[in-house]
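Structure record follows, encoded as structure tokens.
Every read-out reported here was derived from the displayed coordinates using simple, explicitly stated rules and does not represent laboratory data. Predicted model only: the values in this text are computed from it and were never measured. Virtual Cβ from ideal backbone geometry, glycine too; neighbours counted across all protein chains shown.
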Amino acid sequence: MLGQILYALPFLAQGFALTLWVSLLVVVLSLIAGVLMGVGLIYGPAPLRWAVRIFSDTIRGIPILVLIFFVYYGLPAVGVHLQSFWAAVLALTLFKTAQVVEYLRGAVASIPKGQSEAAMAIGLTFRQRLAYVIFPQAFRRFLPPWINGVTDAVKGSALVSLLGITDLMQAINQVIGRTYEAMPLYILGALVYFAVNYALSLASRRLERRFSFIRE
Amino acid sequence: MSANANAPLLDVRDVSKAFGTVEVLRAVSLEVKRGEVVSVIGPSGSGKTTLLRCVNFLESYDSGSIRIDGKEVGYREAGARQRRSERDLAAMRAETGMVFQSFNLFPHLTAAGNIMLGLRKVRGKSEAEARKIAEHWLGRVGLAHKADSLPAELSGGQQQRVGIARAVAMEPKILLLDEITSALDPELVGEVLEVVRSLAEDGMTMLMVTHEMAFARDASSRIVFMADGSVSAAGPPAEILGTEIDNERLRNFLARFRASHF
Amino acid sequence: MGYALNFNLIWRHFDKLWGGLLLSLELAVISIAIGIVIGLVLAVWYVSAGRVVRTVIAAYVEFIRNVPLILLVYLVFYGLPTVVDIAYSAQTSFIATLSLYSGAYLVEVFRSGLEAVPSGQIDAGKAIGLTPWQRLVHVRLPTMLRITLPALSNTFLSLFKDTSVASVISVPELTYGAQWINFNTFRIVEVYLVVTAMYLVTGYVLLFALRLVERRFRAAR
């Protein structure tokens, strides 16, 4: 039993690398898209605000799995052909983008109104207020939940196995298909996911403490 | 100096403002001359804080005019009431300093950093120059040794003194003080008022909303009593806070005030 | 593009979606009911227990929260029966998984809720001579439930969405129904549009209902 699993380790490691690669792409792309849309939601003109609100509420209102199938099977139906890998990345990115939008909105909303007013009172323009007063503070409130939310990308990436992409989840299922060692392999997989995500959540908690405005 | 040195520095004329159906300011007029210290007193909800916030356009006003050094504050001079551009408003606000009840220091910046931000980004001073000015004003408020402390590391009284330094370092034409001691523990009020007193002695023009009657009496050239959104009485401290008062609302306000404070 | 929407085939098989939606709700309701029991018991135990018990409970919570749900579903359905002598249907297996899953999230919710009960209330309970058990049942739990109700609602809503993972072990809930129509009619865009709408409408109806319940409880305070 142990021999069979050891033999499969390189294959599992490849799957794990793909899991990390998908997660990384999703995290980076959703950060860019989410920050742009978040700023649009907070400061944009009414039509843009509405568009972002509808996008975010819709995405957050449906299961990720439905989103993944919708993108994967739906895009070719309307003539857009993406490799399954990129369809998966696109779907997960949409899901994470909605999250980033909400984190950003929450972070900016948590800055007291007096901060903006004090910045106005010394004569800073709108852009200067954002750049020097609001965003530096919002950033510290955004970062811990965002890092914690990276775990959602890693966990969500396990669903791409359903599209035939050989990520860690799919690699485990394939090895089980050959060896029938279901329990040890699922536990091994669970421990790997756990290690990655638990480290991220610890980092998030530590940052949260560091980012309170009190020096230790 | 402007053309007419005798013209009021701040000229508020017939300013009205409503939040929905509630009228918070009803045709308020008042003047502050260069070097004057004017205190606004009155019961809560009388519109005094709103008036102060209109002076640097943190609130807009519905009608009337507010001029600082002859220049209309929130709206363009010519034609219909058209709001000034964002850039214009910022430039106007840089001419008025404001100190807030809740300090509103920027928590991510040090005491010196709080003061330097406006000097650098609005006044365009170099880092070294801004630092020098910040240190000068921190010295004036007795906090030279706290230049590199974060707001969270300062007491309430110290934070408010930094707040004052931040406002005056911009060399505003007028300083607006909005109940700046109301959020402080009683034992910290004195150190803040001391700073205000010394600024007054230096000739800083100030408009302050306050509940500190004794301080208003000692430090002000004039006192304005507001009730229900309008100026109910105005005059020198001796007249307004004296014993011979015809104004019934003022008499009631002072009686209630004395009953709760002494 | 040139894709003409045609919903006829969707309506013909709508029973698959409607039945699926009802099953999704059923899975979510049963799972959160069991999850609440798990969460309550472990949270009460946690706040009064020693180090070892706390560590074990925390390990359970952290493990579940940091592993993908789909892996837990596979583990319980395909993995567990290979080492323990049990047999269960996919549906039962999924309910067990989702119950353990929601239980882990609810331990956290209830634990912080219990800690948020003002100590003055507990003192008042002591002062009128209540036993520790009476204080728990009559003072701490009712107050804690009121505090945690919004978080409980949110957990239920996200659980309702999580039921879609049951489709991977062929439990015929809503997402499974969508895939069935997807593969059998190829009206792909239509079916996912309809299913998206069904998840959204159900979610918002639930949200609205739960907020009403919350308001009732707040008013009763």
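Name the strands (runs of 3 or more DSSP E) wholly within segment B:160-262 that hold at least 2 residues that are in contact with a Pro (Cβ under 9 Å, 6 or more places away or on another chain) and surrounded by 17 or more Cβ atoms within 10 Å (Cβ to Cβ)? Outline the logic, then answer.
Values: elements: B:174-178, B:206-209, B:222-227, B:230-235.
The strands (runs of 3 or more DSSP E) meeting that bar are B:222-227.
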- prompt: Identify, please: which residue in segment B:145-159 is assigned to a helix (DSSP H, G or I) and within 20 Å of B:Asn104 (Cα to Cα) and is, among those, farthest from the other protein chains (Cβ to nearest Cβ)?
  reply: B:Gly157
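Please find, among B:Val28, B:Val12, the residue that is over 16 Å from the mean Cα position of the chain (by Cα) and either closer than 30 Å to B:Arg256 by Cα or of a type in the set (Phe, Trp, Tyr) (or both). Steps first, answer last, please.
Working: B:Val12 fails: over 16 Å from the mean Cα position of the chain (by Cα).
Matching residue, one of B:Val28, B:Val12: B:Val28.
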message: Give me the residue from segment A:97-119 that is closer than 23 Å to B:Val162 by Cβ and surrounded by 22 or more Cβ atoms within 10 Å (Cβ to Cβ) and, out of that set, farthest from the chain's Cα centre (by Cα).
response: A:Ala118
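Output the residue which, of all residues in segment B:55-82 that are without any contact (Cβ under 8 Å) to a residue 40 or more places away in the chain and under 27 Å from B:Asp228 (Cα atoms), is surrounded by the fewest Cβ atoms within 10 Å (Cβ to Cβ).
Here is the first cut: in segment B:55-82, the residues without any contact (Cβ under 8 Å) to a residue 40 or more places away in the chain are B:57, B:71-82.
From what is left, the residues that are under 27 Å from B:Asp228 (Cα atoms) are B:57, B:72-75, B:81.
Details: B:Phe57: 20, B:Glu72: 16, B:Val73: 23, B:Gly74: 22, B:Tyr75: 19, B:Arg81: 13.
Ranking the candidates gives B:Arg81 first.
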- prompt: Got a sec? Which of B:Asp228, B:Asp246 is touching a residue at least 24 places away in the same chain (Cβ under 8 Å) and either aromatic (Phe, Trp, Tyr) or farther than 29 Å from B:Leu138 by Cα (or both)?
  reply: B:Asp228
Helices (runs of 4 or more DSSP H) completely within segment C:124-197 that count 1 or more residues being within 22 Å of C:Val29 (Cβ to Cβ): C:141-162, C:174-185
- line: The helices (runs of 4 or more DSSP H) lying wholly within segment C:9-113 that contain at least 3 residues that are in contact with an Asp or Glu (Cβ under 8 Å, 6 or more places away or on another chain) and not basic (Lys, Arg) are C:14-48
message: Looking at the structure I just gave you, is A:Leu162 at the interface with chain C (Cβ under 10 Å from one of its Cβ atoms) and more than 18 Å from A:Val196 (Cα to Cα)?
response: yes
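Would you mention how many residues in segment B:95-122 are among the hydrophobic types (A, V, I, L, M, F, W, C) and outside any loop (DSSP other than H, G, I, E, B)?
Pass one, segment B:95-122, residues among the hydrophobic types (A, V, I, L, M, F, W, C): B:98-100, B:103, B:105-106, B:109, B:111-112, B:115-117, B:119, B:122.
After this cut, where a residue has to be outside any loop (DSSP other than H, G, I, E, B) as well, the list is B:98-99, B:111-112, B:115-117, B:119.
The qualifying residues number 8.
Could you tell me how many of the residues in segment A:41-73 are away from chain C (no Cβ under 11 Å) and assigned to a loop (DSSP other than H, G, I, E, B)? Let's see the steps before the verdict.
Of all residues in segment A:41-73, those away from chain C (no Cβ under 11 Å) come to A:41-53, A:55-56.
This time we only want the ones that are assigned to a loop (DSSP other than H, G, I, E, B), so: A:44-45.
Adding up the residues that qualify gives 2.
Please find, within segment C:154-183, the residue that is farthest from C:Leu69 (Cα to Cα) out of those that are more than 17 Å from the chain's Cα centre (by Cα) and β-branched (Val, Ile, Thr).
First, pick out the residues of segment C:154-183 that are more than 17 Å from the chain's Cα centre (by Cα): C:168-170, C:172, C:176-183.
Then drop every residue that is not β-branched (Val, Ile, Thr), which leaves C:168-169, C:181.
Values: C:Val168: 11, C:Ile169: 12, C:Ile181: 24 Å.
The extreme case among them is C:Ile181.
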message: Exactly one of these conditions fails for C:Thr143: (1) buried (at least 17 other Cβ atoms within 10 Å of the Cβ); (2) in contact (Cβ under 8 Å) with a residue 60 or more places away in the chain; (3) more than 26 Å from A:Arg60 (Cβ to Cβ). Give me its number.
response: (2)
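Taking B:Phe100 as the residue in question, decide whether it is of a type outside the set (Val, Ile, Thr), facing chain A (nearest Cβ under 7 Å), more than 23 Å from A:Phe211 (Cβ to Cβ) and surrounded by 18 or more Cβ atoms within 10 Å (Cβ to Cβ).
Values: of a type outside the set (Val, Ile, Thr): yes; facing chain A (nearest Cβ under 7 Å): yes; more than 23 Å from A:Phe211 (Cβ to Cβ): yes; surrounded by 18 or more Cβ atoms within 10 Å (Cβ to Cβ): yes.
Taking the combined requirement at face value, the residue satisfies it.
For the condition at negative phi and within 13 Å of chain A (Cβ to nearest Cβ), what is the one hit in B:Ala7, B:Ala91, B:Ala112, B:Ala18?
B:Ala91
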field: Failed item, numbered, when B:Glu86 is tested on (1) closer than 24 Å to B:Leu9 by Cβ; (2) surrounded by fewer than 17 Cβ atoms within 10 Å (Cβ to Cβ); (3) within 13 Å of chain A (Cβ to nearest Cβ)
entry: (1)
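A:Thr166 - would you say it is farther than 22 Å from A:Tyr43 by Cα and either free of Cβ contacts under 8 Å to residues at least 40 places away in the same chain or under 11 Å from the mean Cα position of the chain (by Cα) (or both)?
Values: farther than 22 Å from A:Tyr43 by Cα: yes; either free of Cβ contacts under 8 Å to residues at least 40 places away in the same chain or under 11 Å from the mean Cα position of the chain (by Cα) (or both): no.
No.
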- prompt: Which condition number does B:Lys121 fail, the rest of (1) touching a strand residue (DSSP E or B) at 6+ places or on another chain (Cβ under 9 Å); (2) within 11 Å of chain A (Cβ to nearest Cβ) being met?
  reply: (1)
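From C:Val109, C:Val76, C:Val83, which residue is within 14 Å of another protein chain (Cβ to nearest Cβ), under 22 Å from A:Lys155 (Cα atoms) and not acidic (Asp, Glu)? Write out each step before concluding.
On the way: C:Val109 fails: within 14 Å of another protein chain (Cβ to nearest Cβ); C:Val83 fails: under 22 Å from A:Lys155 (Cα atoms).
Just one listed residue meets the conditions, C:Val76.
Check C:Val73, C:Val52, C:Val37, C:Val84 and return the single one that is hydrophobic (A, V, I, L, M, F, W, C) and surrounded by 14 or more Cβ atoms within 10 Å (Cβ to Cβ).
Details: C:Val52 fails: surrounded by 14 or more Cβ atoms within 10 Å (Cβ to Cβ); C:Val37 fails: surrounded by 14 or more Cβ atoms within 10 Å (Cβ to Cβ); C:Val84 fails: surrounded by 14 or more Cβ atoms within 10 Å (Cβ to Cβ).
None of the other options fit; the residue is C:Val73.
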